[in-house]
1. Which whole-number percent gives the relative contact order of the chain, counting Cα pairs below 8 Å spaced six or more residues apart?
2. Given the chain, what percent of its DSSP beta bridges are antiparallel, to the nearest 5?
3. Using a simple spin-label model with points 7 Å from Cα along the Cα→Cβ vector, what separation in nm is obtained for residue 20 and residue 94?
4. Under a crude label model (7 Å from the Cα following the beta-carbon direction), how far is residue 109 from residue 27 in nanometres?
5. At q = 0.14, 0.22 Å⁻¹, what is the base-10 log of I(q)/I(0) for the chain according to the Debye formula with one equal point scatterer per Cα and no solvent? Please give it to two decimals.
6. Can you give me the relative contact order of the stretch 36-103 as a percent, contacts being Cα pairs under 8 Å and 6 or more apart?
């Protein structure tokens, strides 16, 4: 019997939580804590201002307000908020970098990349 995940499903990793290991979710994910390892999100990734990820990140779309040390791949759109820091390469179809964001790495964009 297969389970259907409701459209509004979201996994939440709160501030003060530390996860060491890979994370893979089939819906949206919000991180306000610390994770070290690969993060794969089939939906939208929201990294809050207190959130930190050390590792490779892949998501359909992402809004980043915290810190990522590692490469970030977004299939649709990546938004780097003014409080964000990204140290690593970025690959996406659409990119928004707000004033104050820190991005150190290479950026690759392809409008035809659907996957």
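All of the numbers you see were taken from the coordinates with simple rules; none came from a lab. Every value quoted in this text rests on a predicted model; they were computed, and no experiment measured them. Neighbour counts run over all protein chains shown; Cβ positions are idealised from the backbone, glycine included.
1. Details: 332 pairs, mean separation 17.3, N = 115.
This gives 15 percent for the chain.
2. Looking only at bridges with both residues in the chain, the antiparallel portion is about 0 percent.
3. In this crude spin-label approximation the distance works out to 3.9 nm.
4. 3.2
5. So the normalised log intensities work out to -0.51, -1.23.
6. Details: 195 pairs, mean separation 16.9, N = 68.
About 25 percent, as a whole number.
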